[in-house]
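One structure is given here, and the rest of the page talks about it.
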Amino acid sequence: MSKNEVVIQFSGGIDSLYLAYSLSKKYDKVHLLTFNKGYLHFGFNFSKPNIDNLKKILGEDKIVYNLIDMKPLFKEMAVKGFMKNSKKFGNETAWCIPCRASMAIMSILYSIKNDISDYTDGANWEQAPDGEKIIVTADNFPEYLQLIKDYSKKHGINYFSPLYEENTREERRNLLIKLGFKIDWNSLDVENPKALKNFFKKDFYKRYQPMCISGWLMHWKRNLFNKKEEFNIQELVSFIKQKMETVGDEFIKNQLSK
């Protein structure tokens, strides 16, 4: 693979938006992939102002944006057997991690099809186990990221997480605002941004990235009461590894055979 291009899992949030801007200095072309899992997932056009601004700053040919339908894969990875898995492992492991793993699988498939060797996402240390201010999420844990790296390597693709070694989320946010990008109100260091009282503030509804209602519902205790999701990282990694090596491998094989 000789293309000097990179794939970014693009949520439209601070981290993936910053990556799109910063990695454009290293790569000839940046591919932004936004994923639609098909279950209470809305607002995919909300990112358009920021995508347009990226193209304005970096050039039309520098940015490639794609909305990827991953519902069939996500259905196999998470929806089937969800009740059983949720009862055993919790919602984070049963719903949200299969979602992120599905994004990784789709990114690998896209990279293979387009002869691109590198892909990344917004994983960062501030949302990892020792992170500050932000409630941690399992897809930022080193153990999960190592699994994604190993799985990608098996398929000939290089996954890397540069935000683990770069600046802070506050610095990224400030740079993006200076460059004219739009940031969601609840990403502006608002105290308890998803608290029930904020539903009555108009700024709460100004969105510049898609809305995952199903994910919000899975974490309603966290979002309303700042209660962390309890999970065992070893069980989580073992669970999702098995899913990726069966469902994921079969999905990639079938798609490439077409």
**Item:** Answer residue from the stretch 146-195, given it is in contact with a helix residue (DSSP H, G or I) (Cβ under 8 Å, 6 or more places away or on another chain) and among the basic types (Lys, Arg) and is nearest to Ile116 (Cα to Cα) among those
**Value:** Arg172
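Against the condition more than 27 Å from Met77 (Cα to Cα) and touching a Lys or Arg at 6+ places or on another chain (Cβ under 8 Å), how does Asn186 come out, does it pass?
yes
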**Request:** Find the residue count for the stretch 34-52, including only residues that are under 23 Å from Leu163 (Cα atoms) and touching a Phe, Trp or Tyr at 6+ places or on another chain (Cβ under 6 Å).
**Result:** 3
**Request:** Collect the residues in the stretch 18-71 that are charged (D, E, K, R) and either buried (at least 18 other Cβ atoms within 10 Å of the Cβ) or within 17 Å of Asp115 (Cα to Cα) (or both), keeping them in residue-number order.
**Result:** Asp28, Lys29, Lys37, Lys62
**Prompt:** Using beta carbons and a limit of 8 Å, which pairs, at least six apart or on different chains, have the first residue in the stretch 222-235 and modelled with pLDDT under 75 and the second one loosely packed, with under 12 Cβ neighbours inside 10 Å and outside any loop (DSSP other than H, G, I, E, B)?
**Reply:** Leu224/Leu196
**Request:** Please go through the stretch 217-235 and pick out each residue that is over 27 Å from Phe204 (Cβ atoms) and surrounded by 12 or more Cβ atoms within 10 Å (Cβ to Cβ).
**Result:** Phe231, Asn232, Ile233, Glu235
**Request:** Name every residue in the stretch 183-207 that is touching a residue at least 24 places away in the same chain (Cβ under 8 Å) and not in a loop (DSSP other than H, G, I, E, B), in order of residue number.
**Result:** Ser187, Leu196
**Message:** Condition first: touching a Ser or Thr at 6+ places or on another chain (Cβ under 7 Å) and over 16 Å from Ser152 (Cβ atoms). Now tell me which residues in the stretch 12-34 satisfy that.
**Reply:** Gly12, Gly13, Ile14, Leu19, Val30, Thr34
**Request:** Only one of these is of a type in the set (A, V, I, L, M), touching a residue at least 40 places away in the same chain (Cβ under 8 Å) and surrounded by 18 or more Cβ atoms within 10 Å (Cβ to Cβ): Ile213, Ile240. Name it.
**Result:** Ile240
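The values are calculated or read from the model by the stated rules, or taken from the named source; none is laboratory data. What you see is a predicted model, and the numbers here were worked out from it, not measured in a lab. No Cβ is skipped: glycine too gets one built from the backbone with ideal geometry, and neighbour counts run over all protein chains shown.
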